[in-house]
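Just so you know, all these numbers are worked out from the coordinates, no wet-lab data involved. All figures in this text were calculated on a predicted structure; none of them were measured in a lab. With ideal geometry, Cβ positions are generated from the backbone for all residues, glycine too; neighbour counts draw on all protein chains shown.
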Amino acid sequence: MHIEFSGAAREVTGSCHILHVNGQRILLDCGLFQGRREQSREKNRKLPLPVNKIDAVLLSHAHIDHAGRLPFLVAQGYTGSIWTTSATRDLCAVMLADSANIQQRDVEYLERRGRPYSPPLYSLADAMQAVDQMIGVPYNRWLDVLPGVRALYTDAGHILGSASIVIEAKEGSHTHRVVFSGDIGRDDQPIIRDPDPPHGGADTVIMESTYGNRDHESVDGAREQLARVIRETAARGGRVLIPAFALGRTQEVVYDLHALWRADRIPEIPVFVDSPLALDATSVFALHANIFDRSEALIRETANPLEFPLVRFTRSVEESKQLNHRHGPMVIVAASGMAESGRILHHLRNGASDPRNTILMVGFAAENTLARRIVEKQPVLRVFGDEVQLAAQVEVLNGYSAHGDRTEMRSWLDAVRSEGVKARREIQRVHLVHGEASAQDAFAASLREGGYNVDAPESGDTRPV
Ligand SMILES: [Zn+2]
Ligand SMILES: [Zn+2]
C-alpha cells in the first residue's frame, strides 16, 4: 500500500491524494486549485490519473479546494462512488452549482472583452451528476468502500459535515491504517462540534498544516468584539458591512448575532444577509441539526439557531438594491469574503466613504484582494472601476477561523497518537499537506521535537504506508 501526493502538496489549494491498495486506487478529495487564473486553469485540467483507473473517491468536506474538481472528474467519465457525509453531499449541491456558475460567468466575461478563453472546466449538469454519485454516510460508522478496504468518518469540526477519514486496508495478513485529517477545525466554534480525533491509531497520518506557524485569538473574544462594533456603529447611526464567505463564516456571524441579541448585548437593528449562496447554504444547515453542537445553549433552546427576529435573508436583486435606500443603522453580511465579487461590492461602493459606517473584516484577506486593501486602510479603494474614499471605520476580528491553529492541530495529532498507543498501533509517519511551505516547515520542526517522524511531500511524491 502506498500514497501518491498530487494536490495541496506544499500549497493550500487543490486537495487530492491517491491511495494505492492491492491494485485499486482511491482518491482522497478532488479539489480545485485556486489562485492566478492561467496557472490554476492549467493545473485544474490535469487529472492525476486517468478516470478509468480510479476505483473510489472519499471526500472530506464541501469546500471548493477539496470538492471543486469532482464535476470535472465526472465530466471526464468517472462513474464510481463518491463517499462523504450527508451534510457534505447537501452542501456540495449548493457549492458545486455555484462553482459551475462562476466558471460560466468567467468565460462570458473574457469573451466580452475579446480576451482568449477556454471553455469552463465543467457545466452545471456535471456538478449535479457529481452530487448524484455521492453517497451520504453518517459519522462513526464503518463502510465497505472496496473489496478489502473500509472507511470511517469522524467529525473534523471545521465546517458543517466536515470529516477526518480513517481508511483500513487488508493486504495479505496485514491490516494498514491511514488517517486523513481533512481540514481540522477548532474547539468552541459556534454550531459546529469540536474536532473528534479518530480512535484506534494509525500507521500513517496525512495531515493539514494551514496554520502550522501561528496561534489564533480566542473564539469568545471575537463575539465580544462583534458586540462592541455593532453598539458603537449603531450609536453613530451607521451601517456595519461584513464581507463573509457564504458557507461557514456567514452562519457563524448570524449565530453570534442571535446569541448577542438574546443576551440583550446588541441594539435592535436589522441584520440583512444579502447573498443567495449564503441563503442556500443556510437552508442546508437546517436539515442537519442532528450534527450541531448540543453543548451550546442556543442550539438546545431554539428551534433554529440561524433564525431570529432581526435577521432577513435577501435573494432577489431588487431586495438587495432596496437596502441602499433604507435609513438608520443596520448590519449587512454579504459575500464574497475577500470582497472580490458578490453583492458586498455594491454595499462597499455605497458605504465605504461614510464615516458613520464600519467595515468589519472577519475572515482571511489574501494578498491582492480588496479585502486586504481594506484591512490595510488604503485611503482610496477601487470598486467596479470607481474610486471610493475609505472614510468608514475598519475593524479586523482575528478570532473567527474554521482552521485550528498550531496548538489545536498538535493536540488533535497527540490525541490520535495516544489513542493509538491504547490500541497498540503507533504512528509511523506523518505527512503534512494543505499548507504553504513556511507554515509546513515550522510545524514539521515542532512535531519532530514531539517525537514524530514527519515530512511534507511535493506533488508527485509517493510514500509507503
Ligand atoms: Zn476547508
Ligand atoms: Zn481546505
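Our estimate of slack between ASP188 and ASP220, defined as 0.36 nm per intervening residue step minus the Cα-Cα distance, is 10.7 nm.
Applying both filters, DSSP loop and at most 13 other Cβ atoms within 10 Å, to the GluC sites (Glu not before Pro) of region 1-105 eliminates every site.
Qualifying chymotrypsin sites (Phe, Trp or Tyr not before Pro) in region 75-167, where qualification requires a DSSP coil assignment and no more than 13 other C-beta atoms within 10 Å, comprise TRP142.
Given the chain, report the % of alpha carbon pairs whose separation exceeds 31 Å.
Tail of P(r) above 31 Å: 42 percent of Cα pairs.
Among the trypsin sites (Lys or Arg not before Pro) within region 143-203, not one is in coil by DSSP while having at most 15 neighbouring Cβ atoms inside 10 Å. Extension gain for GLU108 to TRP142 (0.36 nm times residue separation, less C-alpha to C-alpha distance): 7.8 nm.
Here the spin labels are modelled as points 7 Å beyond Cα on the Cα-Cβ line, and at THR302 and SER411 they lie 2.6 nm apart. Summing charges over neighbours of ASN140, with a neighbour being any other residue whose Cβ is under 15 Å away from its Cβ, gives -2 when K and R count +1 and D and E count -1. Listed by chain and number, the aspartates and glutamates whose alpha-carbon sits under 13 Å from that of LYS377, ignoring those within fewer than 8 places in the same chain, are GLU395.
How much of the DSSP beta bridge set in the chain is antiparallel, as a percent to the nearest 5?
50
Distance between the modelled labels on ARG236 and SER295, one decimal in nanometres: 3.7 nm (7 Å Cα→Cβ projection). Would you mind getting me the FRET efficiency between ASP354 and LEU279? Use the beta-carbon distance for r and R0 = 30 Å, nearest 0.05. My answer for the efficiency is 0.70.
Each part gets one Cα centre, and for region 21-67 versus region 359-413 those centres are 29 Å apart. By the count of other C-beta atoms within 10 Å, a proxy for reagent exposure, VAL375, VAL131, VAL178 are ordered fewest to most as VAL375, VAL131, VAL178. Within a straight-line Cα-Cα reach of under 29 Å, LYS170 can be paired with the following lysines, leaving aside sequence neighbours fewer than 8 residues apart in one chain: LYS53, LYS422.
With contacts taken as Cα pairs under 8 Å at a separation of at least 6 residues, region 219-396 carries a relative contact order of 30 percent. Note on ARG112, ARG406, ARG105: ascending count of other Cβ atoms within 10 Å places them as ARG112, ARG105, ARG406, the fewest first. Taking Lys and Arg as +1 and Asp and Glu as -1, the other residues whose beta-carbon sits under 13 Å from that of TYR78 total 0.
For region 155-308, the antiparallel share of DSSP beta bridges with both residues in that region comes to about 75%. The mean sequence separation of alpha-carbon pairs under 8 Å and at least six residues apart, normalised by the residue count of the chain, gives a relative contact order of 19 percent. Counted by Cβ distance under 14 Å from VAL149, the other residues give a net charge of 0, where Lys and Arg count +1 and Asp and Glu count -1. Computed over the chain, the per-residue total of -39500 (n - 2.57) for DSSP H runs of n ≥ 4 gives a 222 nm mean residue ellipticity of -10000 deg cm²/dmol, rounded to 500.
Out of all DSSP beta bridges with both ends in region 219-396, state the antiparallel percent to the nearest 5. Of those bridges, close to 20 percent are antiparallel.
Roughly how many Å is it from the Cα centre of region 297-347 to that of region 81-119, as a whole number? Comparing the Cα centres of region 297-347 and region 81-119, I get a distance of 23 Å.
Once the Cα-Cα distance is subtracted from the 0.36 nm per residue extended length, the ASP455 to ARG424 segment shows a gain of 8.9 nm. Here the simple spin-label model places points 7 Å from the Cα toward Cβ, and for ARG37 and ARG373 these points are separated by 1.7 nm.
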